[in-house]
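Participant: This is the structure I have questions about; it appears just below.
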Amino acid sequence: MSDSAPPLLFLDVDGPLIPFGATRHQLPDGYPVFEPEQGSGGTGGNPLIARIDPDLGPRLRALPCELVWATTWESEANECIAPWLGLPELPVVSWPEPPPAVGTDGLHWKTPALLRWAAGRPFAWVDDEINDTDRAWVEAHHPGRALLLRVDAWRGLTDADFTALDDWLRLPGG
Ligand SMILES: [Mg+2]
């Protein structure tokens, strides 16, 4: 790792990119469904893919960071989602097998794996399941800077989320 390496951005898919959990009261017309961009890989027959706004791709790509998939989609994120968003193939965090129990001591099962992957490098993490236990654990165990950005799962990444990410990623020492 060189000093000029940009921060990492660990990106969850379900929630941040694919909104879910809305009630009819919140979104009376349901979720928007998007058409594939010219030259994109299409949905590959997965209806979830069409729920991802293709405009998120250029916006993610414009962030001053190294994007990393941090999702249970694992390598399928590169096969199905990256082409839809116009993103290159990205590094993928692999999770421990078998999946650890969820909810023990309140720490998200992804958190230790992300810190191992980051190996001290500054990182932002975008996920709809981040909680205060994760924040405290990262603070105690990660020597670099970190931004844990919890996204509302029912609406996904917002303009405000992108502003917060861009501001943080551009901070000196990021
Ligand atoms: Mg999620």
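Participant: Using θ = phi - 60° and the Karplus relation 6.51 cos²θ - 1.76 cosθ + 1.60, list the HN-Hα couplings for region 157-172 in order, rounded to whole Hz, with x at every Gly or Pro.
Facilitator: Taking θ as phi minus 60°, the curve returns 4, 10, 4, 5, 5, 5, 5, 4, 5, 4, 4, 5, 5, 8, 4, x Hz for region 157-172.
Participant: Relative to the Cα centre, what is the charge dipole magnitude of the chain, using +1 at the beta carbon of each Lys and Arg, -1 at the beta carbon of each Asp and Glu, and rounding to the nearest 20 debye?
Facilitator: 260 debye
Participant: For residue 66, what residues show an amide H to amide H distance below 5 Å, using hydrogens built from the backbone and excluding near sequence neighbours?
Facilitator: So residue 66 has HN proximity to 8, 9.
Participant: Ok, one more. Around residue 165, with a cut-off of 14 angstrom between Cβ atoms, what is the net charge of the other residues, counting Lys and Arg +1 and Asp and Glu -1?
Facilitator: Working: positive: 59, 61, 145, 150, 170; negative: 12, 66, 127, 159, 161, 166, 167.
So the environment of residue 165 carries a net charge of -2.
Participant: Inverting the mean 1/r over all pairs of different Cα atoms, compute the Kirkwood radius of region 116-163 and quote it in Å.
Facilitator: Working: mean 1/r = 0.0863 Å⁻¹.
Value: 11.6 Å, from the Cα pair sum.
Participant: Sticking with this one: From Cα pairs below 8 angstrom and at least 6 apart in sequence, can you work out the relative contact order of the chain, rounded to a whole percent?
Facilitator: Details: 270 pairs, mean separation 54.1, N = 174.
Relative contact order for the chain comes out at 31 percent.
Participant: May I ask you to evaluate 6.51 cos²θ - 1.76 cosθ + 1.60, the Karplus curve with θ = phi - 60°, for each residue of region 122-132 and list the ³J(HN,Hα) values in order in whole Hz, giving x for glycine and proline?
Facilitator: Coupling constants for region 122-132: x, 8, 10, 10, 10, 7, 8, 10, 5, 9, 5 Hz.
Participant: How far apart, in nanometres, would the label points at residue 89 and residue 105 be if each is projected 7 angstrom from Cα along the Cα-to-Cβ direction?
Facilitator: Roughly 3.6 nm, to one decimal.
Participant: Taking every DSSP beta bridge that has both residues in the chain, what percent is antiparallel when rounded to the nearest 5?
Facilitator: 0 percent
Participant: Normalise the Cα radius of gyration of the chain by 2.2 N^0.38 Å (N = residues in it) and let me know the number.
Facilitator: 1.03
Participant: What does the charge count near residue 20 come to, summing +1 for each Lys or Arg and -1 for each Asp or Glu among other residues with Cβ under 11 Å from its Cβ?
Facilitator: -1
Participant: Ranked by Cβ crowding within 10 angstrom, fewest neighbours first, how are 4, 75 ordered?
Facilitator: 4, 75
Every read-out reported here was derived from the displayed coordinates using simple, explicitly stated rules and does not represent laboratory data. Predicted model only: the values in this text are computed from it and were never measured. Every residue, glycine among them, receives a Cβ derived from its backbone with ideal geometry; neighbour counts consider all protein chains shown.
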